[in-house]
Amino acid sequence: MKKTKVYTTATTLVLASAIGLTGCGGNNNGNANNAASGSASGDAPASASSTASSAASSAAPAASGKKIEITFWNTYNQTSTETKQLQEVVIPAFEKAHPNIKVKNVPMPTESFNQKLLVSAAGAQLPDAARIDIVMTPQLAKLGTLVEQDGLDGFDELKSKVFPGPLSTNVYKGKTYGIPLDTNTKVLLYNPDMLSKAGIEAPPKTMDEFVDALGKLSGGKGSSATFGYQFGVDLWWLGPWVWSNGGQILNEDLTKATGYMNGEKTVAAIEKLAQLGKEGKVTGFHNGDLGGTDGLAKGKYAMIDDGPWAFDVLKKQYPNFKFEAAPYPAGEGGSIGVVGGENFVMFNTSDADHQAAAYEFEKFMLSDEAQVAMAKVGQMPVVASLADNPDIKAITYFAPFLEQLKTAQGRPSTPAYSQIDKFFSDAVSKVMLGKSTTQEALDEAAKQSDAVLAQP
């Protein structure tokens with residue numbers, strides 16, 4: 001999913017991080033639903049994987065001749081062409097290829113979907129399959145409601161087709177509970193006129209070049225002030241800054257924050273950002289900040305990082321504004337973007353025949369045919385080889401994002417993600433507002449994160 005497209009003032013950004021904005025995919029990409037955090041308890045029971053195995057060994061309903069109807073929940077945008085493309089193009093193509101399987105499409109409202117999933121899981125009233133926010137996958141896996149897919153016939157081949165960053169969002173405790181269905185990331189968007197006037201011939205490729213450019217692109221005071229870069233305070237926004245500068249949030253197995261969230265390189269990255277803020281070179285935490293795309297178009301910010309939806313926003317609201325895209329600046333850790341998007345999951349509350357039919361639909365949704373069809377209405381494909389597909393190349397604004405996805409990183413795939421994100425963003429907010437030293441704020445956030453990660 002992607003972060004909400006409505007940008008806020010700096011003070012509101014701090015508050016928004018505290019309450020947990022939702023977002024990913026066709027409607028809203030970035031964070032998990034805050035209401036879901038901490039509400040899932042208990043590890044997936046053994047029956048989850050055993051049910052998956054039975055589904056994997058079942059003959060596909062299309063081959064057996066058995067008539068099956070599967071229910072598919074999703075939040076494809078109903079006010080755009082996404083739902084129409086799914087219902088009128090993609091599902092009919094699948095049903096033509098699998099005449100004994102019918103797909104019942106059930107569009108859901110984005111705002112309440114994550115909570116709907118959790119409530120339905122508690123009552124075992126789930127669909128056969130769903131397209132869900134990437135940060136919901138570990139929460140539902142912990143509840144024991146998802147089919148563990150590693151043992152399914154052909155799943156290794158399916159995994160090998162997709163970008164590794166999006167794939168990582170389906171892993172919980174070493175097992176895979178879904179497959180990425182659509183994806184996105186963010187790249188550096190910049191105002192070429194502002195760079196040119198500052199004597200900068202090309203967008204910065206390295207962190208050193210980036211920091212140097214910020215000094216040339218900022219100036220003025222009060223309402224006339226301009227900034228080199230605008231950002232937010234949570235991991236959707238600051239993950240790329242931390243990772244590209246060599247920092248991390250959790251250890252590799254996602255069990256510990258101490259030594260990582262408050263580690264030397266993460267602390268140095270946040271301290272650097274705070275210093276740039278004091279010098280008036282970056283913004284994102286002051287009253288009166290414009291929204292990212294608004295500020296870029298109006299010459300308030302020379303650079304922001306944003307996703308593919310920004311192209312549509314800027315085209316509609318500022319048709320005469322010229323902007324360009326570039327990879328996120330590379331630091332010690334490389335050029336690391338952040339993964340957004342949605343995953344396709346199956347629920348083990350269904351019987352084996354319905355699981356087998358849902359798996360056939362999952363495989364079809366990862367086919368070139370389905371991925372290209374949904375790309376034509378703005379859904380960025382997850383199949384890496386499609387970057388060279390002529391139909392995908394024709395969607396020219398996808399190109400920089402598909403390149404960035406090669407190194408993009410998923411936010412921690414843990415049921416405690418929303419809480420950890422809040423601890424981190426609260427700490428960063430304190431630092432940016434001068435209410436705490438970086439080390440003290442991140443030490444506390446790491447301690448809080450360790451506590452929730454230790455919960456069963």
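The values are calculated or read from the model by the stated rules, or taken from the named source; none is laboratory data. Here the structure is a predicted model, which is why all the values come from computation and not from measurement. Neighbour counts run over all protein chains shown; Cβ positions are idealised from the backbone, glycine included. Accessible surface is based on the protein model in full, side chains and every heavy atom, while ligands, DNA and RNA are left aside. Shrake-Rupley method; radii C 1.70, N 1.55, O 1.52, S 1.80 Å.
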query: Out of (1) touching a strand residue (DSSP E or B) at 6+ places or on another chain (Cβ under 7 Å); (2) among the charged types (D, E, K, R); (3) open to solvent by 40 Å² or more (accessible area, probe 1.4 Å), what's the single condition that is false for K406?
result: (1)
message: Here is a check on your reading of the model: is T255 in contact (Cβ under 8 Å) with a residue 60 or more places away in the chain, more than 30 Å from K315 (Cβ to Cβ) and open to solvent by 60 Å² or more (accessible area, probe 1.4 Å)?
response: yes
task: Name every residue in segment 243-266 that is over 16 Å from the mean Cα position of the chain (by Cα) and assigned to a helix (DSSP H, G or I), in order of residue number.
output: S244, E264, K265, T266
- prompt: Could we say that K322 is farther than 17 Å from I336 by Cβ, touching a Pro at 6+ places or on another chain (Cβ under 8 Å), open to solvent by 20 Å² or more (accessible area, probe 1.4 Å) and in a loop (DSSP other than H, G, I, E, B) here?
  reply: yes
message: For G280, only one of the following conditions fails: (1) more than 26 Å from S418 (Cβ to Cβ); (2) open to solvent by 60 Å² or more (accessible area, probe 1.4 Å); (3) part of a loop (DSSP other than H, G, I, E, B); (4) not polar (S, T, N, Q). What is its number?
response: (2)
query: Does F347 meet the test of being open to solvent by less than 30 Å² (accessible area, probe 1.4 Å), under 29 Å from Q139 (Cα atoms), at pLDDT 95 or above and touching a Leu at 6+ places or on another chain (Cβ under 6 Å)?
result: yes
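Matching residues to (1) over 24 Å from D212 (Cβ atoms); (2) touching a helix residue (DSSP H, G or I) at 6+ places or on another chain (Cβ under 7 Å); (3) without any contact (Cβ under 8 Å) to a residue 12 or more places away in the chain; (4) buried (at least 16 other Cβ atoms within 10 Å of the Cβ):
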residue	(1), (2), (3), (4)
N262	yes, yes, no, yes
A274	no, yes, no, yes
T293	yes, yes, no, yes
L296	no, no, no, yes
D306	no, yes, no, yes
K316	yes, no, yes, no
G333	no, yes, no, yes
statement: The one condition E88 fails out of (1) at negative phi; (2) in contact with a helix residue (DSSP H, G or I) (Cβ under 8 Å, 6 or more places away or on another chain); (3) modelled with pLDDT of 95 or more is (2)
message: Filter segment 419-430 down to the residues that are open to solvent by 10 Å² or more (accessible area, probe 1.4 Å) and not aromatic (F, W, Y) and list them by number.
response: Q419, K422, D426, K430
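Listed here are the residues, each with its yes/no results for (1) within 21 Å of D133 (Cβ to Cβ); (2) open to solvent by 40 Å² or more (accessible area, probe 1.4 Å); (3) acidic (D, E).
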residue	(1), (2), (3)
I392	no, no, no
Y397	no, yes, no
R411	yes, no, no
A441	no, no, no
A446	no, no, no
A451	no, yes, no
Count - residues of segment 69-108 that are open to solvent by 70 Å² or more (accessible area, probe 1.4 Å) and not in a helix (DSSP H, G or I): 7
- request: May I ask you to verify whether E369 is over 28 Å from V171 (Cβ atoms), charged (D, E, K, R) and open to solvent by 10 Å² or more (accessible area, probe 1.4 Å)?
  value: no
